[in-house]
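In what follows, a single structure is set out as structure tokens and then discussed.
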Amino acid sequence: MEQRPEARVIVFAVWEPILPTDWRPPTTGTLGRLSDRRIKQFWDKNHRLAKLMADSRVGQLQPDCCNRNGILWDLIAVYPEGAEWLEVLPRATVFNGPVARVMQSSKVL
């Protein structure tokens with residue numbers, strides 16, 4: 001995103017407990033790693049979003065990674081402009097990870 005400051009995007013970074021050390025919400029220092037004003041960060045203690053995203057993938061892109069004990073994590077989901085999240089999530093144009101690999105291997109924005 002730093003390379004595309006003009007891009008009209010909204011980014012949601014959802015933090016969730018996956019590893020044994022993830023027992024509380026991210027600290028200010030951790031949140032500060034994502035400093036772009038277009039990023040909104042959330043703590044999802046109960047994996048609600050990850051479960052919704054996994055449940056809505058039938059007939060859509062499937063990640064080749066990022067599943068730990070049935071919970072999706074460390075992935076990027078990109079939706080086209082105007083996509084609406086209703087009872088069924090919209091079709092993603094990118095749905096894979098881990099985040100670092102996707103960012104290095106492709107142009108997400």
Worksheet item: Of all residues in the range 1-60, how many are in contact (Cβ under 8 Å) with a residue 24 or more places away in the chain, assigned to a helix (DSSP H, G or I) and surrounded by fewer than 10 Cβ atoms within 10 Å (Cβ to Cβ)?
Response: 0
Worksheet entry | Total residues in the range 69-109, condition of a type in the set (D, E, K, R) and surrounded by 12 or more Cβ atoms within 10 Å (Cβ to Cβ) | 3
Fill in: Output for the range 61-95, where each listed residue is among the polar types (S, T, N, Q), part of a loop (DSSP other than H, G, I, E, B) and either within 23 Å of Lys45 (Cβ to Cβ) or in contact with a Cys (Cβ under 7 Å, 6 or more places away or on another chain) (or both)
Asn69
Worksheet item: For the range 59-73, does any single residue satisfy the condition of being closer than 19 Å to Ile39 by Cα and β-branched (Val, Ile, Thr)?
Response: no
Practice prompt. Please enumerate the residues belonging to the range 54-82 that are among the β-branched types (Val, Ile, Thr) and over 13 Å from the mean Cα position of the chain (by Cα).
Written response: Val58
Fill in: Checking Cys66 against (1) at pLDDT 90 or above; (2) in contact with a strand residue (DSSP E or B) (Cβ under 6 Å, 6 or more places away or on another chain); (3) on the phi > 0 side of the Ramachandran plot, the condition it does not meet
(1)
Worksheet item: Which members of the range 44-93 meet the condition of being under 22 Å from Arg8 (Cβ atoms) and among the basic types (Lys, Arg)?
Response: Arg91
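The values are calculated or read from the model by the stated rules, or taken from the named source; none is laboratory data. Everything quoted here is computed from the prediction, not taken from an experiment. Note: ideal-geometry Cβ built from the backbone for every residue, glycine included; neighbour counts use all protein chains shown.
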